[in-house]
Amino acid sequence: MREELQNTPSYYVRQKLKGNSLAMISLFIILLAALLGLFAYFIMPDNSPNANESMSEIRKQYPFFKATIVKIVLNKEIPQVSFWQRLIGGVEPQYKSYAVSDFRLDNDSVFIRLYVASIESIKSRSASTGIAADTLSSESAFYKPVYDHAFSLVDATRAIYPIPSDKLGDIYPGNFYIKGDTVVYLDIDEQIRKESISRLRSEFLQNNVEQRIFYLGTDRQGRDMLSKVILGTRISLLIGFASVLISLFLGVLLGAIAGYFGGIADHLIMWLMTVVWSIPSIMLVIAIRMALGSKGLWVVFVAVGLTTWVEIARIVRGEILAIKEKLFIEAARAFGYSHWRIIYRHILPNIFGSIVVLASSNFATAIILEAGMSFLGIGVQIPTPSWGNMIYEAYATINSLHCEHLIVIPCIGMGGLVLAFNFLGSGLRDAYDPKMLVSKNK
């Protein structure tokens, strides 16, 4: 008897879903993407807001590119951020980073030579693409014989007072001076500090120089592609989640009203569904976006949500039309329950499976619509990374060298997540199939 009581329909749904390996793999991919998106700023190599740290000297580098990075401290006060602030918006960078071919310490100064592709790499890449080395653009210039930038060691390792000050007297440049092996400088709070040059050299080599691997390469502005893809996953899932909530609210509400009450309400809602259904989704999204007249992220939520509710409303209406004449609904009416209680407590739980399947399908649709909007420039705005505007940026460089990965990587990410939602939706549809539940109970 206890075994009988435990074998509820939801039990068989879970068992059937667990037996679908493709659906479970898809669910794992979705959960992994959700975790990556949620904790993006704790995972990304570039945890600056919008992963927007750029180094133009290494733009459009292929995956697994390695570079020596020299970091110069910014002369500004970086506010401390809490866990929640970092979770949502990242951390303001403390350094200006340069990818270098070489650097040299000389007394109290550091000299850097920016990274430039060697002639060997240029020849190998030109051979692989069929382009003669002498036709390559200036962005692939040969190794420079001189250093590009020079910094004082104290300026490279300490945040000094950013504007001229007379606190140290009339000594140029006004915020620090060197006396023997000692540097006297004004810190960011305009307080006088002293430090030895040997200590600054040691700190520079330990904290300001690193070897970095760009696992997915860099984009056309020298930003880390891995960081952009991870943050783009957050944006896509956030838009999908918000738009699905909007579409579920509208679809279930209007579908329930049309199916349960019928009459003129049904005719009006069916007319509205027919009108919305007849307009291509991307055109409707563009129209809503233009009508709202804003470029904020919330506009994308609303625009996508308002275009994906029709199918939910149509399915909910049909399901309610089939259920509302059942005996248990008649019994609920006989007990004097209100219409909304009957809909909420007795009808909607019986069509929950269909709603879950449609929500999964709409999630994939929302991701594709957002990518289309961002590609057209009316969705998520640069510098906030999304897969759509990443593909657009890659499309703008399609006739230049080393742009293949800029297109392929976001397409793989978007396609993989969309396929995962579609496979999960297919698995949920099979798991909620009433024929399957009846056969299992038998």
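The values are calculated or read from the model by the stated rules, or taken from the named source; none is laboratory data. From a predicted model like this one, the values you see are computed outputs, not experimental measurements. Don't worry about glycine lacking a Cβ; one is built from the backbone with ideal geometry, like all the others, and counts go over all protein chains shown.
Does any residue of the stretch 94-105 turn out to be more than 30 Å from residue 425 (Cβ to Cβ) and either in contact with a Cys (Cβ under 6 Å, 6 or more places away or on another chain) or assigned to a loop (DSSP other than H, G, I, E, B) (or both)? Looking through the stretch 94-105, at least one residue is more than 30 Å from residue 425 (Cβ to Cβ) and either in contact with a Cys (Cβ under 6 Å, 6 or more places away or on another chain) or assigned to a loop (DSSP other than H, G, I, E, B) (or both). Against the test of being in the same structural domain as residue 353 (by TED's automatic domain parsing), under 23 Å from residue 41 (Cβ atoms) and surrounded by 14 or more Cβ atoms within 10 Å (Cβ to Cβ), the options 259, 240 yield a single qualifying residue, 240.
Can we say residue 362 is among the polar types (S, T, N, Q) and under 30 Å from residue 286 (Cα atoms)? Against the criterion (among the polar types (S, T, N, Q) and under 30 Å from residue 286 (Cα atoms)), residue 362 qualifies. Scanning the stretch 334-378 for residues that are surrounded by 14 or more Cβ atoms within 10 Å (Cβ to Cβ) and of a type in the set (D, E, K, R) yields a total of 1.
Considering 32, 22, the condition of being closer than 30 Å to residue 403 by Cβ and exposed (fewer than 15 other Cβ atoms within 10 Å of the Cβ) is satisfied by 32 alone.
Restricting attention to the stretch 147-180 and to residues that are at pLDDT below 85 and among the charged types (D, E, K, R), the residue that is surrounded by the fewest Cβ atoms within 10 Å (Cβ to Cβ) turns out to be 170. Just one of the listed residues (81, 116, 70) is modelled with pLDDT of 90 or more and of a type in the set (A, V, I, L, M, F, W, C), and it is 70. Among the residues of the stretch 371-392, is there at least one that is of a type outside the set (Ser, Thr, Tyr), in contact with an Asp or Glu (Cβ under 7 Å, 6 or more places away or on another chain), at pLDDT 85 or above and not assigned by TED's automatic domain parsing to the domain that holds residue 90? Scanning the stretch 371-392, I find at least one residue that is of a type outside the set (Ser, Thr, Tyr), in contact with an Asp or Glu (Cβ under 7 Å, 6 or more places away or on another chain), at pLDDT 85 or above and not assigned by TED's automatic domain parsing to the domain that holds residue 90, so the answer is yes. What residue, among those in the stretch 35-51 that are surrounded by fewer than 18 Cβ atoms within 10 Å (Cβ to Cβ) and free of Cβ contacts under 8 Å to residues at least 60 places away in the same chain, is farthest from residue 95 (Cα to Cα)? Residue satisfying both the conditions and the ranking: 35. Residues in the stretch 369-378 that are over 12 Å from the mean Cα position of the chain (by Cα), part of a helix (DSSP H, G or I) and among the hydrophobic types (A, V, I, L, M, F, W, C): 369, 373, 375. As a summary of the residue check, residue 78 satisfies the conditions (1) over 22 Å from residue 233 (Cα atoms); (2) not in a loop (DSSP other than H, G, I, E, B) except for the one numbered (2). Among 255, 251, 232, 259, which is in contact with a Lys or Arg (Cβ under 6 Å, 6 or more places away or on another chain) and at pLDDT 90 or above? When all the criteria are applied, what remains is 255. So how many residues does the stretch 87-100 have that are within 24 Å of residue 198 (Cα to Cα) and of a type outside the set (A, V, I, L, M, F, W, C)? Counting residues in the stretch 87-100 that are within 24 Å of residue 198 (Cα to Cα) and of a type outside the set (A, V, I, L, M, F, W, C) gives 5. Of all residues in the stretch 299-332, none satisfies the criterion of being closer than 22 Å to residue 251 by Cα, aromatic (Phe, Trp, Tyr) and without any contact (Cβ under 8 Å) to a residue 24 or more places away in the chain. Taking (1) in contact (Cβ under 8 Å) with a residue 60 or more places away in the chain; (2) surrounded by 15 or more Cβ atoms within 10 Å (Cβ to Cβ) in turn, residue 203 satisfies each apart from (1). Between 182, 218, the distinction of being over 20 Å from the mean Cα position of the chain (by Cα) and among the polar types (S, T, N, Q) belongs to 182 only.
If you check residue 219 against the conditions, is it under 23 Å from residue 317 (Cα atoms) and either outside the structural domain of residue 391 (by TED's automatic domain parsing) or charged (D, E, K, R) (or both)? So residue 219 fails the test. Here residue 271 passes the criteria (1) without any contact (Cβ under 8 Å) to a residue 40 or more places away in the chain; (2) under 29 Å from residue 400 (Cβ atoms); (3) among the aromatic types (Phe, Trp, Tyr) except the one numbered (2). Give the residue that is surrounded by the most Cβ atoms within 10 Å (Cβ to Cβ), with candidates limited to residues of the stretch 379-430 that are of a type in the set (Gly, Ala, Ser) and part of a loop (DSSP other than H, G, I, E, B). Looking at the filtered set, the residue picked out is 386.
Restricting attention to the stretch 39-67, the residues that are hydrophobic (A, V, I, L, M, F, W, C), touching a Ser or Thr at 6+ places or on another chain (Cβ under 7 Å) and assigned to a loop (DSSP other than H, G, I, E, B) total 2.
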